[in-house]
1. Mind scanning 77/209; 116/136; 136/196; 381/454 and naming the pairs with a C-alpha gap bigger than 22 Å?
2. Can you grab the distance from the C-alpha centre of region 102-181 to the C-alpha centre of region 59-97, Å, no decimals?
3. Based only on Cα atoms, what Rg/Rh ratio does region 489-569 have, Rh being taken as Kirkwood's radius?
4. Quick one: with all protein chains in place, what share of the accessible area of region 257-558 is carbon or sulfur, to the nearest percent (1.4 Å probe)?
5. Loop-only GluC sites (Glu not before Pro) in region 417-471, please: DSSP not H, G, I, E or B, and at most 15 other Cβ atoms within 10 Å.
6. What is the dipole size for region 257-558, taken about its Cα centre, with +1 at each Lys and Arg Cβ and -1 at each Asp and Glu Cβ, in debye to the nearest 20?
7. Could you do me a favour and compute the accessible area per residue for region 198-263, 1.4 Å probe, result in Å²?
8. Using R₀ = 30 Å, calculate the FRET efficiency as 1/(1 + (r/R₀)^6) where r is the Cβ-Cβ separation of residue 347 and residue 529; round to 0.05.
Amino acid sequence: MGGVEDDEPPSKRAKASSRELKGLSNGFSTKVPASCSSMARPLTSQGGDEVIGSKGVKKVEFVRIIADALYSLGYSKTGACLEEESGIPFQSSTVTVFIQQILDGNWDGSLASLRKIGVVDESVIKSASFMILQQKFLELLDREKMTEALKTLRTEISPLSVNSDRVRELSFYLLSSTMPRANGAVNGSSGLRVVKPKPRSELLEELQKLFPPTVMIPDKRLLRLVEQALDLQREACLFHNSSLGETSLFTDHQCGRDQIPSQTVQILQDHQDEVWYLQFSQNGKYLASSSSDNSAIIWEVDSDGKVSLKHRLIGHQKPISSISWSPNDDQILTCGVEEVVRRWDVSTGECLHVYEKGLLGLISCSWSPDGKCVFSGLTDKSIVMWDLDGKEIECLKGQKTIKISDLHITSDGKLIITVSKETTILLIDRESKDERCIEEDQMIVSFTLSRDNKYLLVSLVNEELHLWSIQGHIRLVAKYKGHRRSRFIVRACFGGLEQAFIASGSEDSQVYIWHRGSGELIETLRGHSGAVNCVSWNPANPHMLASASDDRSIRIWGLKQLHPKRKGKEKSPSENGIHYCNGDTI
């Protein structure tokens, strides 16, 4: 009648129970039929509107997703017992019949059942009908039943008036002399990619996504709910800063304050004057710092977290205000205050090129994502782009920057981000040259871009940090307060596991750390004796933070040592290994 006959005669096909069908529809192999007892009673839906717990959870829904989980895990007998004892069927008998009809290729029967399973939205019924008939059409083509396929296309699919582009593709498959024979086969006459009909179990999965969840429960719904709960607990945890260690369902997730780097594990005192800027490399293996002593230093971070001097970079005639690592961390840029930009080789410490433009001073530096171009802001308020050899490629003229040494290029290369006025951050589309703005009420001191290019962290003169979302519609997300700033440039950074924290320097000689999501100030680090100008969180080690100060030192912060001595080995104060969520160290 309306279906495609299977190769096996009907007598050899056993009808699948709802638990077997559940296995098929989710990509599992067929389950062995099971029953709770030899005297299984007929199921009648019970529970109705009964709720359990304090949040008004419907008992029927709760039992059904438990049954879904049991069948998904292969516990068919247990699932059947749950259905029998609770009197709550995993799914209605009509849905069970519908699933069996899809698996059998009984297309006319499935279309009739489609209107009985509880789907009210006519557009959903049409879309589901189209998917079913498309499967029927492709199976007919695959079996070279061209007349029947044409009839299905003309009398069943076309009248639905759904997805006309796809209907044209189906027509082409029928008319083409080369019919789809293999997955990914390409028709030679047009280059159109065609595929064999998908397995019927995959069609069921697609239909399941289309239907309301009350009709067919979304695949592995209980597991998804548990995963969502775990994610929410981690996001709410003020101190979650480790991906190691086990997560248990038996207890609520909670990390201790010991997961935040708050203990000085090393003090670096090789600069001869105030340390203005520092930044870890993307791979976390290096740290670069710059100072008002006109030098920069490349530090190496070993596997134990100990930091040692690798190269001192000499050549600038003025204090160095900013540093930028190349995308692959093999080179760095340094920018002197209204001076020049120098490019250095990280492995040798050699200066590879000096970028300058006439009598203009350079105030900022950054890399293109491919590492082939260098950007810099100029004292005439323009932004210039050079190739590595210093040939000018492009110059954005006009009010594009001011004397703030922050300039960022998003990792996809699409946006240039700069401070164009005292209270305005400019986002320039490199291709269209369209401009969007972030307008602040207070003067901007500095800003930094998140690793995922979605957020900007802006430091203001009124001792606030503002977090802005720059994806799509620009909006203010959060504010952070507590640090001190009155005279100097003070920088902040994202950091920690999945950049879940905000850290900032402060003129009161301390480092401040906030939980990014809640905005709560969770830690204040004491140790410096001068203003803290800049902080940088190691992107490869969430338990390592560096701070630069006017006291001429750099402090490396790690986790507090909870275990003073261990048999056979003692951790030295300078070691900063990888720590588990529960505080243990490896």
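1. Numbers: 77/209 26 Å; 116/136 20 Å; 136/196 12 Å; 381/454 26 Å.
As for pairs spanning more than 22 Å Cα to Cα, those are 77/209; 381/454.
2. With region 102-181 and region 59-97 each reduced to a Cα centre, they are spaced 31 Å.
3. Working: Rg = 13.6 Å, Rh = 13.3 Å.
Ratio value, two decimals: 1.03.
4. On the way: 5080 of 11830 Å².
Roughly 43 percent, rounded to a whole number.
5. On the way: sites: 422, 431, 435, 439, 440, 463, 464; in loops: 422, 431, 440, 463.
The qualifying sites are 422, 431.
6. Values: 33 positive and 41 negative charges, 70 e Å.
It works out to roughly 340 debye.
7. Numbers: 3890 Å² over 66 residues.
Result: 59 Å² per residue.
8. Details: r = 34 Å, r/R0 = 1.15.
Once rounded, the FRET efficiency stands at 0.30.
The values are calculated or read from the model by the stated rules, or taken from the named source; none is laboratory data. This structure is a prediction, so every number in the text was calculated from the model and none was measured. Ideal geometry is used to build each Cβ from the backbone, glycine not excepted, and the neighbour counts take in all protein chains shown. Ligands, DNA and RNA are stripped out before the accessible areas are found, and what is left, the full protein with its side chains, is counted by its heavy atoms. Shrake-Rupley method; radii C 1.70, N 1.55, O 1.52, S 1.80 Å.
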